[in-house]
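The values are calculated or read from the model by the stated rules, or taken from the named source; none is laboratory data. Values in this document were obtained by computation on a predicted structure and should not be read as measured data. Please note: Cβ atoms are built from the backbone with ideal geometry, for glycine as well, and neighbour counts cover all protein chains shown. Heads up: the accessible areas ignore ligands, DNA and RNA and are worked out on the full protein's heavy atoms, side chains in. Shrake-Rupley method; radii C 1.70, N 1.55, O 1.52, S 1.80 Å.
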Amino acid sequence: MGNRAEWVIAAVAVAALGATVVAVITWCAPREVDYVLNHSRARLLVCSARYIRRDYAQDIEALRVAGRLPHLQSVVGVGALLPPTWTPWTVLL
């Protein structure tokens, strides 16, 4: 997602709920995102659809369709042009 206020807000909210924050580096390849999300058993992902040249929306949706993210229940998207399966950040506010 890059250095955005939404990242800090999400991290503080997750910690306040008693859950664990797992940061994923913005230049991770899909296989690395797959590993981090599965290893952490992440159920919720907050991310932007795109960052620089990386199309996270395409990467995440491809992993979901392939059944590679069995624990992931929801994706909250920051910014514009989000996949229809993602919840927009603004809905949470």
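The sum of -39500 (n - 2.57) across all DSSP H runs of n ≥ 4, divided by the residue count of the chain, sets its helix-only mean residue ellipticity at 222 nm to -11000 deg cm²/dmol. Using the Cβ of Trp27 as centre and a radius below 14 Å, the other residues enclosed give a net charge of +1, where K and R count +1 and D and E count -1. The residues neighbouring His71, those whose beta-carbon lies less than 14 Å from its own, together hold a net charge of +3 under the Lys/Arg +1, Asp/Glu -1 convention.
The phi torsions of segment 12-21, fed into the Karplus equation with coefficients 6.51, -1.76 and 1.60 and a -60° offset, translate into couplings of 5, 5, 4, 5, 5, 7, x, 8, 9, 8 Hz, rounded to whole numbers, with Gly and Pro shown as x. Peptides 41-52, 4-15 ordered by packing proxy, namely the average of other Cβ atoms within 10 Å per residue, highest first: 41-52, 4-15. Counting only protein heavy atoms and a 1.4 Å probe, the chain has 67 square angstrom of accessible area per residue. A simple charge model with +1 on the Cβ of Lys and Arg, -1 on the Cβ of Asp and Glu and nothing else charged puts the dipole of the chain at about 60 debye relative to its Cα centre.
With all protein chains in place and a 1.4 Å probe, the accessible surface of the chain carries 59 percent carbon and sulfur.
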